[in-house]
Each structure stands twice: as structure tokens, then as C-alpha cells.
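Asks: Sharing a structure, written as C-alpha cells. Questions coming.
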Amino acid sequence: MPKYNMQKYKVQDKVIRRSGNSFSNGHLKLPLYAYAKHTFIVAALSCLVHGGSAWAQTDEASTPKVTGVLSESVRLALFNHPEVSEANARVCQAIHRLGLGRALRRPQVNLTVSGGQQLFDRIREDKGRQVPTTVKFGNQTIRSSKTVYDRSEKDRLAGAKHRQYKRHEKEGVYDATVSLRYNLIDWGSSKSDIEAKRLQHKVSQIDAKGTLSERSFQLLTISIRLAMYDDLLAEHKLAQAQVAKQIALVQARVESGVGRLSDLRAAKLIGLDLEIAASRLQSQREQVIESLDIDLGLSPSDAKHLFTTYRERRPLSLATIEATQTEKAHALRLQIEAVDFEQRQIRTSKYMRIDGVLDATVFDVRDYEDEYELVGKLEFKMPLYDGGAARARLREATWRQSEIKASLDKLHRGHSNETNRNLLRFEELEKEIGEQTERLAELEARLSSLQARQGRTVTSPLEVAGVMVEINQVKTTLIQARMEQEGVRSSALFIAEKLDDVLLINLGENGC
């Protein structure tokens with residue numbers, strides 16, 4: 001049995017013995033003899049420790065009523081967050097890249113229609129060569145020129161008619177060709193490309209799920225802070241009401257001449273300190289509400305609903321998982337495998353590629369006279385020189401693979417450090433909660449004793465107010481420690497990738 005499982009019964013036993021308060025949990029249950037052992041102690045301490053937070057319960061064996069689902073506003077705020085939408089868009093891109101790779105592997109069919117119509121023409125005539133000649137008329141010599149042709153008139157007319165016939169023969173003739181091309185041998189290049197894109201699609205899905213989990217953890221952290229401020233304000237208002245009664249008693253004693261004016265000033269200072277602390281808490285609470293509204297567009301009631309769902313379903317002990325079993329580590333390993341397929345695709349792209357081509361041509365589709373042909377071909381294509389592009393791509397992929405491996409090692413170390421840090425902090429908080437609970441019991445016993453003597457003997461109301469302030473400080477420390485403990489527990493769930501299961505959030509199928 002792992003170590004943290006051995007500690008969970010000790011943690012439960014410790015909380016019951018020290019404070020009588022425990023967090024309800026339907027997943028973990030104590031043995032029967034443990035309930036029998038602590039029944040009397042729980043009943044006794046529950047009478048003393050009546051100022052616990054509103055979400056603490058005294059019955060560990062009670063089964064919480066799970067609400068089942070989150071509110072629609074919380075779900076929409078998470079799924080419509082820009083980062084989640086961005087991650088979903090990357091998933092859709094990966095889906096269509098994979099579809100493109102598969103489409104290119106299928107047979108390719110193309111239709112080509114070729115032909116033309118003469119718009120204008122210019123026929124060059126054979127004008128012959130001008131040759132100078134001389135003619136003598138008696139004593140006079142007349143110079144002139146005559147046209148000499150290299151070919152006979154018959155040949156010249158036959159050539160012109162032939163060109164004209166060829167020209168008219170091609171006018172308005174349209175031939176249609178349907179070409180079917182299919183790759184026969186590519187040495188697994190296309191299959192490697194498809195497999196790499198399929199792995200990238202899986203990686204994008206894991207990244208989208210992780211992004212949604214991060215936003216859920218952010219919202220839960222804000223909800224825990226808001227719940228803490230609500231509990232602190234409720235406790236301060238209760239302390240202010242109790243101290244105000246003692247201040248009134250001190251003032252009555254001063255007015256009757258029994259008390260001292262310095263005691264009244266000290267009592268009013270105590271009340272003023274409580275009022276300042278409550279005002280500071282109210283300001284911090286308003287800041288959290290503003291952040292909740294700006295970042296996620298949610299109201300305090302939505303945050304309270306999320307915290308209630310988390311509180312009802314969370315395990316009491318810290319959730320742990322091995323770093324190698326996390327989805328993030330799995331995504332990095334898939335990326336390494338995808339780079340392997342990319343390298344294989346780059347290597348095989350340098351080999352000879354053999355395509356089978358089948359061309360079916362119909363001649364003169366405008367005046368079809370049952371003239372067609374079917375031609376089958378084999379095309380061999382092999383790159384001889386690419387300037388070193390393939391080698392550069394291989395080196396880039398190798399370095400990218402080294403980067404991913406380093407990221408995987410970094411993830412393992414960071415996961416271990418975060419897990420150990422949460423375990424240590426959780427134990428420190430558990431120890432602090434136990435010590436403050438014991439101190440709270442002593443202070444409340446002292447307050448009960450002072451209040452019991454106040455009606456029979458002369459007891460200073462200032463002393464009673466001072467004890468009330470100490471009780472308020474201890475309760476404030478307890479609330480802060482318990483809420484910080486919830487924060488550590490939620491952080492452990494987030495690191496263990498179990499927070500979405502606790503919050504009942506599922507990314508579902510991507511609608512692309």
C-alpha cells in the first residue's frame with residue numbers, strides 16, 4: 001500500500017481527536033472500531049468547539065449529498081474561455097491536417113478540356129525577292145527589277161492551302177481527358193506522414209484537456225479564496241458583536257464611576273481593530289469578486305456552487321500519480337514518436353516514386369463521332385539533387401526530438417518536486433490546524449470560566465473582550481489554514497490530473 005494511503009486514516013483520526021471537525025468525504029471511511037473509540041471524545045469537544053467554519057462537519061460517517069453536475073453558467077464560462085477555444089481550434093486544425101494526409105493518399109482524378117477558337121489571324125504571303133535587271137534600247141540601258149520566287153507557284157499555293165486547312169481543322173475542336181493517378185510505390189512515405197499527423201491530433205486533444213483543467217483550477221482557486229473571505233467576515237462580525245457587548249459594559253462601569261477611563265479607551269481600540277480588519281477583508285473580497293467577473297464573467301454564487309461541488313467530491317487525502325503516468329508525459333512521448341515518423345517520411349521521400357496513370361481522352365466533344373482513346377502509363381520519379389533540403393529537415397527533426405526529450409525530463413523533475421512540496425505543506429498545515437484547535441479549546445474554556453464568574457464576582461469586561469479577540473485570531477488562523485489546505489489539496493488533484501473528475505467536467509467530443 002502506498003505511503004499516502006497509510007496516512008489517510010492517521011489524518012482522519014488526528015482531526016477528530018483534536019477538533020471534532022472533519023471534512024465530509026464519501027470516498028474514504030473509517031473502520032468501525034475507530035468510530036467507537038472516538039464517539040465520546042467527539043461529543044465532548046463538539047460542545048466546546050462551536051465556532052468552526054460553516055462547511056466543517058462533526059460526523060465523519062455521514063454520506064454527503066452530491067449535487068451531480070455544475071451549473072450551466074460555470075460550464076459556459078470554462079468552455080467559452082479564449083484559451084480553451086484556442087486549444088479546441090488547434091484540435092480542429094489537427095483533424096483536418098490528418099484528413100488532408102489521408103486524402104492525398106487516395107486516387108486523384110482530374111478532368112482536362114483542351115481546344116480553342118481563332119479570334120484573328122495574319123497570313124504572311126511569299127512576296128519573293130527583288131532582283132535588278134538591265135534592258136538595252138539601242139544606245140540606252142534601262143535598269144529595272146523583277147520578282148524572283150524560290151519555289152514554284154504550285155508549291156506556294158499548296159503550302160498556303162495546307163496551312164489554312166490545318167488551321168481550320170483545329171478551330172472549335174475540344175478534347176476532354178479524364179486522368180486517374182494513383183501512387184503504387186512510395187516506400188511508406190505517405191503512411192509515415194499520416195501516422196505523424198494522427199499522433200499530433202492526439203497531442204492536441206491532450207493539450208486541450210490540459211488547458212480546460214488549468215482554467216478549472218484557476219476558477220477553483222478563486223472560489224476557495226472567496227469562501228475563505230466569506231468565513232473570515234462572518235467570524236469577524238460575530239466577534240464584533242460579542243466585543244461590542246463588553247465595550248458597553250466597560251462604558252457603563254465608567255459612567256457609574258466604578259471603571260477607569262483607560263479601560264474604556266483600550267476596549268474601544270479593540271473594537272476599532274476588529275472593524276479595520278473586517279473592512280480590509282471586505283475590500284479583499286470585493287477584489288476577488290471583481291477578478292472573478294473580469295476573467296470569467298461569473299458571480300459569487302457560481303463560485304460558491306463550484307466550491308460546494310468540489311468540497312462534496314474531493315478525496316480527503318492528497319491525490320498522487322507517477323510522473324510517467326500523466327497525460328502531459330504521454331503527450332510528449334507521442335510527440336517523440338511523431339518526429340520518428342517525420343524522419344522516416346523525409347528519408348523515404350528521396351527514393352524513387354512510382355505512379356500509375358490512366359488517361360481516357362474523348363476527341364472533339366462538340367461533334368463526337370465515337371473517337372476516343374485509353375492510355376495507361378507508369379511514371380517513375382526520383383529526386384537526384386535537392387540542394388541539401390532533406391538533410392537539413394532531418395537535422396531539424398533530430399534537434400526537435402532532443403528538445404522534446406529534455407521537456408519530458410523537465411516534466412518528470414517538476415512533477416516530483418511539486419508533489420513533494422504539496423505533501424510537506426499539507427503535513428505542516430495539518431500540524432498547525434491541530435495546534436490551533438487545541439489552543440482554541442483552551443481559550444474557549446477560559447472564556448466560559450470568565451463569563452461564569454462575571455455574574456457572581458467582579459470581573460473586568462476588558463479582560464473578557466481580550467480573550468474574545470484572542471479567540472477571533474485563533475479562529476481566523478484556523479480558517480486560513482483550512483482553506484490553504486484545500487488549496488494544496490486542489491493543487492495535488494490538478495497535478496495528478498484528477499481535478500476534472502472531481503468537478504464533473506468533461507471536454508467531450510470536439511465539434512469540428
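Asks: Filter the range 89-129 for residues that are open to solvent by 100 Å² or more (accessible area, probe 1.4 Å) and either under 27 Å from D364 (Cα atoms) or modelled with pLDDT of 95 or more (or both) and give the result.
Replies: Selection gives L111, Q117, L119, F120, R122, I123.
Asks: Does at least one position in the range 387-401 carry a residue that is open to solvent by 70 Å² or more (accessible area, probe 1.4 Å) and over 50 Å from the mean Cα position of the chain (by Cα)?
Replies: No - not one qualifying residue is present in the range 387-401.
Asks: Right, another one. So if I check each of L408, L423, which one is touching a residue at least 24 places away in the same chain (Cβ under 8 Å) and open to solvent by 30 Å² or more (accessible area, probe 1.4 Å)? Walk me through how you get there before you give the answer.
Replies: Numbers: L408 fails: open to solvent by 30 Å² or more (accessible area, probe 1.4 Å).
So the residue among L408, L423 that is touching a residue at least 24 places away in the same chain (Cβ under 8 Å) and open to solvent by 30 Å² or more (accessible area, probe 1.4 Å) is L423.
Asks: So, one more: Test of understanding: among V254, V250, V243, which residue is surrounded by fewer than 22 Cβ atoms within 10 Å (Cβ to Cβ), among the β-branched types (V, I, T), over 47 Å from the mean Cα position of the chain (by Cα) and modelled with pLDDT under 95?
Replies: Working: V250 fails: surrounded by fewer than 22 Cβ atoms within 10 Å (Cβ to Cβ); V243 fails: surrounded by fewer than 22 Cβ atoms within 10 Å (Cβ to Cβ).
None of the other options fit; the residue is V254.
Asks: Out of all the residues in the range 284-292, is one or more within 30 Å of G115 (Cα to Cα) and in contact with a Leu (Cβ under 6 Å, 6 or more places away or on another chain)? Give the steps one after another, and end with the answer.
Replies: Just the residues of the range 284-292 that are within 30 Å of G115 (Cα to Cα), to begin with: none.
The answer is no, given that none of the residues of the range 284-292 is within 30 Å of G115 (Cα to Cα) and in contact with a Leu (Cβ under 6 Å, 6 or more places away or on another chain).
Asks: Moving on to the next point. Answer yes or no as to whether R366 is open to solvent by 80 Å² or more (accessible area, probe 1.4 Å) and either free of Cβ contacts under 8 Å to residues at least 24 places away in the same chain or over 22 Å from T177 (Cβ atoms) (or both).
Replies: Details: open to solvent by 80 Å² or more (accessible area, probe 1.4 Å): yes; either free of Cβ contacts under 8 Å to residues at least 24 places away in the same chain or over 22 Å from T177 (Cβ atoms) (or both): no.
When the stated conditions are applied, R366 does not pass them.
Asks: I've got another one for you. Would you please name the residue that is modelled with the highest pLDDT, looking only at residues in the range 150-200 that are more than 30 Å from M352 (Cα to Cα) and touching a strand residue (DSSP E or B) at 6+ places or on another chain (Cβ under 8 Å)? Walk me through how you get there before you give the answer.
Replies: At the first step, the residues of the range 150-200 found to be more than 30 Å from M352 (Cα to Cα) are 150-176.
Filter once more, so that each one left must be touching a strand residue (DSSP E or B) at 6+ places or on another chain (Cβ under 8 Å): 150, 170-176.
Numbers: D150: 62, K170: 60, E171: 66, G172: 72, V173: 78, Y174: 85, D175: 88, A176: 92.
So, considering only residues that are more than 30 Å from M352 (Cα to Cα) and touching a strand residue (DSSP E or B) at 6+ places or on another chain (Cβ under 8 Å), the one modelled with the highest pLDDT is A176.
Asks: Can you name the residue in the range 260-270 that is part of a helix (DSSP H, G or I) and free of Cβ contacts under 8 Å to residues at least 40 places away in the same chain and is also surrounded by the most Cβ atoms within 10 Å (Cβ to Cβ) among such residues? Talk me through it step by step, then tell me what you get.
Replies: Of the range 260-270, the ones part of a helix (DSSP H, G or I) are 261-270.
Retained after the next criterion (residues that are free of Cβ contacts under 8 Å to residues at least 40 places away in the same chain): 261-262, 264-265, 268-269.
Numbers: L261: 9, S262: 10, L264: 19, R265: 12, K268: 14, L269: 10.
Looking at residues that are part of a helix (DSSP H, G or I) and free of Cβ contacts under 8 Å to residues at least 40 places away in the same chain, I get L264.
Asks: Something else: Under the condition of being open to solvent by less than 50 Å² (accessible area, probe 1.4 Å) and out of contact with any Leu (no Cβ under 8 Å at 6 or more places or on another chain), which residue from the range 441-450 is nearest to Q480 (Cα to Cα)?
Replies: Ranking the candidates gives L443 first.
Asks: Next question, about the same structure. Can you tell me which of E430, E463, E438 is more than 29 Å from V254 (Cβ to Cβ), among the acidic types (D, E) and surrounded by fewer than 16 Cβ atoms within 10 Å (Cβ to Cβ)? Walk me through how you get there before you give the answer.
Replies: Details: E430 fails: surrounded by fewer than 16 Cβ atoms within 10 Å (Cβ to Cβ); E463 fails: more than 29 Å from V254 (Cβ to Cβ).
Every option except E438 fails the conditions.
Asks: Sticking with this one: Which number in (1) open to solvent by 30 Å² or more (accessible area, probe 1.4 Å); (2) under 22 Å from M228 (Cβ atoms); (3) within 22 Å of the chain's Cα centre (by Cα) marks the one condition that L296 misses?
Replies: (1)
Asks: Looking at the range 344-358, can you tell me whether even one residue there is in a helix (DSSP H, G or I) and open to solvent by 50 Å² or more (accessible area, probe 1.4 Å)? Break it down stepwise before answering.
Replies: We begin by selecting, within the range 344-358, every residue in a helix (DSSP H, G or I); these are 344-348.
Now restrict to residues that are open to solvent by 50 Å² or more (accessible area, probe 1.4 Å): 344, 347.
Yes, the range 344-358 has at least one match.
The values are calculated or read from the model by the stated rules, or taken from the named source; none is laboratory data. Bear in mind the structure is a predicted one, so any value in this text is a computation, not a measurement. Methodologically, a virtual Cβ is constructed for each residue, glycine included, from the backbone with ideal geometry; neighbour enumeration extends over all protein chains shown. Protein only, heavy atoms only, side chains kept; ligands, DNA and RNA dropped before computing areas. Shrake-Rupley method; radii C 1.70, N 1.55, O 1.52, S 1.80 Å.
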